[in-house]
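Right, one structure below, let's go through it.
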Amino acid sequence: MPKLYEDLDDDSAHEITVLDDEIQAIKKKMLWEFPKLNLSQVLPIDQRICAMYEGQITDTSNLKRIFNTNMGYSRVPFPMVPKDAADPSKVVLNKNARFFWEDVPFGLVILKDIGRIMGVPTPNCDKQIIFHQKFMPIKYVDEKTGEFLPDALKNTGAPSRYGINTPEELVSTSLGMRSESQASDIFFPKTKL
C-alpha cells in the first residue's frame, strides 16, 4: 500500500506548491484591501508544516522532503480499498475517502470561492477540483469554463453559499464591519474602520 506522504513525489509536491501560491495570492489581496486584517497564521505551507511539526522533520530542504521525512505524517496509507474481496492484494482508490468528501467541498471549493470573491484567479484550484470530481457523483466546477455549476455550492462550506459575495462581507466579522443584514443585530455593535 503506498504511503500518502512518505511516498509523495516531485509532481505532487509541485501541485501542492501551486495551490499554496494561490492561497498566498488571496492573502496578499485581502491584506492589500484590508490592512488591519490579521492573517499572520496563513503561512506558506512549508513554513506552516515546519512550525506545526517542529523537531519531527529530518529534511526541510524542500516541500517534498518536508512531507517525506515528517514523523507526524509517517505511515499514513493512501486511501485504498480491495478491488475484489476474493483477492485483497489488488486495491483501488477509495472514493469515499476524506479527500473527496471533506477536502473538496470544505477545502478546495472554499478557496476557489474566496478567490472569486477577492478577484484572484485560482486555476490550480480549479484543476484539482475538476480532477477530483471525476471520481465523485457530484460536480462543482464546469470543466470547460472553470466556473461553479448552478446549485453546486449547496452542500459545501463556500462563503457565497451563506450569502457572502463581496470582500467586505467576507471580512466583516474579522474587522467588526457590519453588513446590511447585521444592521439591527445586537451582536454587531456599530464600529468604524
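The values are calculated or read from the model by the stated rules, or taken from the named source; none is laboratory data. Since we're looking at a predicted model, the values are computed, not measured. All Cβ positions, even for glycine, are placed from backbone atoms using ideal geometry, and neighbour counts span all protein chains on display.
Here are a few things to note about the model shown:
- Per-region count, the range 111-129, residues within 14 Å of the chain's Cα centre (by Cα) and part of a loop (DSSP other than H, G, I, E, B): 1
- Residue list for the range 143-157, restricted to those being more than 20 Å from PRO121 (Cβ to Cβ) and in contact with a helix residue (DSSP H, G or I) (Cβ under 7 Å, 6 or more places away or on another chain): LYS154, ASN155, GLY157
- Scanning the range 1-52 for residues that are touching a Lys or Arg at 6+ places or on another chain (Cβ under 7 Å) and among the hydrophobic types (A, V, I, L, M, F, W, C) yields LEU8, ALA13, LEU39, VAL42.
- THR173 vs. criteria out of contact with any Cys (no Cβ under 7 Å at 6 or more places or on another chain), closer than 21 Å to LEU31 by Cβ, at pLDDT below 95 and not in a helix (DSSP H, G or I): no
- Candidate set: the range 130-141, residues that are β-branched (Val, Ile, Thr) and not in a helix (DSSP H, G or I); chosen: the one surrounded by the most Cβ atoms within 10 Å (Cβ to Cβ): VAL141
- Among the candidates ASP84, ASP10, ASP20, residue that is loosely packed, with under 12 Cβ neighbours inside 10 Å and in contact (Cβ under 8 Å) with a residue 24 or more places away in the chain: ASP10
- In this entry, THR166 passes the filter for residues that are modelled with pLDDT of 95 or more, closer than 26 Å to LEU39 by Cα and surrounded by fewer than 16 Cβ atoms within 10 Å (Cβ to Cβ).
- Among the residues of the range 84-98, those identified as over 16 Å from GLN133 (Cβ atoms) and among the aliphatic types (A, V, I, L, M) are ALA85, ALA86, VAL91, VAL92.
- Any hit, the range 142-154, residues being touching a Gly at 6+ places or on another chain (Cβ under 9 Å) and not in a loop (DSSP other than H, G, I, E, B): no
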